[in-house]
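For reference, the structure is listed below as structure tokens.
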Amino acid sequence: MRRVLHIGPEAIDELALLSRRRVSPDMGAVVCFLGFVRAAEDGAPIDALDYESFQRMAEHQFHLLFDKLEVQWPVASVRLVHRIGVVKVNEPSLWVEVVAPHRAEAFAACQWLVDEMKRVVPIWKKPVPRPRAGTPAGP
Amino acid sequence: MRRVLHIGPEAIDELALLSRRRVSPDMGAVVCFLGFVRAAEDGAPIDALDYESFQRMAEHQFHLLFDKLEVQWPVASVRLVHRIGVVKVNEPSLWVEVVAPHRAEAFAACQWLVDEMKRVVPIWKKPVPRPRAGTPAGP
Amino acid sequence: MAVKVFFYSYFKDLTGCAEATENLPSGSTVSDLLQALATRFPGLAAAEKSVLVAVGVEYQDRSYVLKEQDEVSLFPPVQGG
Amino acid sequence: MAVKVFFYSYFKDLTGCAEATENLPSGSTVSDLLQALATRFPGLAAAEKSVLVAVGVEYQDRSYVLKEQDEVSLFPPVQGG
């Protein structure tokens, strides 16, 4: 299984990622997931999320997930990019692509990977609040 | 819900489709699916699949599915392109994109749409066999 | 009444044509139409169980009562994607 | 033995630092470490139930017996994506 993993502060360059996609002729399905920063976090408007990672462990935990994924589904390729640092509202923080022979396994593997990532990969986010208009800055 | 549907013979232009993606700031998840023509159909090597559609009914049935999708999940946008005519091995015949607030509904809606499409939308495929090397052409 | 019938996918090969017109007594159902077509196109009779039927752009079952001007489409299970 | 401890996410705010060293009797467990840290960093004590613990790059539970040179990381539930 091809594995591409990147955790870094650069904006996610979807076009560059697409240009490096490899689908062999026996593969029938590609599923991509993008996670975008939403305008509200826990009901409060935000400007951005500030992501922090424990980089070495995050990479290790991602590779453990890739190991498990490979055992469960006949996936030919998994590529995952997680942006860290400040990611503005309406920008993607996560991009995942799974290539498999059939759609059922591509969907299942991609969704499982995102679910598990949110359970075990040491990355955290901190809301960057949106200053309320007309509210003076605090003391 | 935004709906974009195209059933036609043109090659699927993924970059052009991406450039027209719209994700509002309250949307957190985008799921894309691509279906590729595989090198073998029912165990026999092929060069391509030749897709035929009953165009007017296919469009109507897709819109019925979009109606049902919209009732089941809070999806902001669904875009679907199905190529018809001859689609070579290793080229995509189907592209689907779903934009939703959260990933669970984006995955569920996208997978449901592809599953249902394969059940009700009048499109058919005919294998274009790969000539066996050294085998003379038939009478 | 005259009912127009369209064939798709390999049903065109089974019948040798893409469309046909069948004259039926008024009140005839899709089932009656299929019986009449089976006589005219024996190749179609073998596939009858898997035939999907649409009138206009909607699926209909075999008990649907046909009306003058109905456009009936017959096709095998769909295979998009 | 000296055990190095790293804090992530808001645990850095609770403790006021990104890392610390704790001296423990040999044979001490993660649980012993957490107790010692709770005394030193009262802010951390309140969060104790939700603390995730890694030694090196692997998750470990509270019964893990610490070794000299172990690098322990403490952090709240992860929130990637």
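Throughout, read-outs are computed from the coordinates displayed, never taken from laboratory work. This one's a predicted model, so the numbers in the text were calculated from it and none came from an experiment. Ideal geometry is used to build each Cβ from the backbone, glycine not excepted, and the neighbour counts take in all protein chains shown.
Within 10 Å of the Cβ of each residue in A:52-59, the mean number of Cβ atoms contributed by other protein chains is 5. Taking the label point 7 Å along Cα→Cβ, B:Pro131 and its counterparts in the other copies are spaced 7.3 nm apart, in ascending order. Distances between placed amide hydrogens fall under 5 Å for C:Leu52 paired with C:Phe75, all partners being 5 or more residues away or on another chain.
Left without a cysteine partner by the 4.7 Å Cβ rule in the protein assembly as shown: A:Cys110, B:Cys110, C:Cys17, D:Cys17.
Once Rg and the Kirkwood radius are both taken over the C-alpha atoms of chain B, their ratio Rg/Rh works out to 1.05. The mean number of partner chain beta-carbon atoms within 10 angstrom of a residue's beta-carbon across peptide A:21-27 is 5.
A point 7 Å from Cα along Cα→Cβ stands in for D:Gln79, and the other copies hold the same point at 5.1 nm, listed in rising order. For B:Asp47, the residues whose amide H sits under 5 Å from its own are B:Val128, B:Arg130, ignoring neighbours fewer than 5 places away on the same chain, with H placed 1.01 Å from N.
The rotation axis bringing chain A onto chain B passes closest to the chain A residue reported with its distance as A:Cys32, 2, by C-beta distance in whole Å.
In a simple Cβ point-charge model (Lys, Arg +1; Asp, Glu -1; nothing else charged), the stretch A:1-72 has a dipole of about 480 debye relative to its Cα centre. Distance from the D-onto-C rotation axis is smallest for the Cβ of the chain D residue given, in whole Å, as D:Gly81, 14.
Taking other C-beta atoms within 10 angstrom as a stand-in for reagent exposure, D:Thr21, C:Thr29, C:Thr15 fall in the order D:Thr21, C:Thr29, C:Thr15, fewest first. Under a model in which nothing but the beta-carbon of Lys, Arg (+1) and Asp, Glu (-1) is charged, the stretch B:22-139 shows a dipole of about 320 debye around its Cα centre. Between the Cα long axis of helix A:55-72 and the first principal axis of chain A there is an angle of about 40°, rounded to the nearest 10. Annotation for A:Val71 and C:Ala47: the two label points, set 7 Å from Cα along the Cα-Cβ direction, are 4.7 nm apart.
Rounded to the nearest 20 debye, the dipole size of the stretch D:1-75 about its Cα centre is 160 debye, using +1 on the Cβ of Lys and Arg and -1 on the Cβ of Asp and Glu. Helix content alone sets the calculated 222 nm mean residue ellipticity of the protein assembly as shown: runs of n ≥ 4 DSSP H residues at -39500 (n - 2.57) each, divided across all residues, give -8500 deg cm²/dmol. Taking the Kirkwood radius as Rh and the Cα radius of gyration as Rg, chain D has a ratio of Rg/Rh equal to 0.93. When B:Gly8 is represented by a point 7 angstrom out along its Cα-to-C-beta vector, the spacings to that point in the other copies are 3.8 nm, nearest first.
Each residue of the stretch B:77-94 is assigned a 3J(HN,Hα), and the resulting list reads 7, 10, 10, 9, 10, 10, 7, 10, x, 7, 10, 6, 3, 6, 10, x, 9, 9 Hz, derived from the Karplus form 6.51 cos²θ - 1.76 cosθ + 1.60 (θ = phi - 60°), x at Gly and Pro. Cβ crowding within 10 Å ranks A:Asp67, B:Asp42 as B:Asp42, A:Asp67, fewest other Cβ atoms first.
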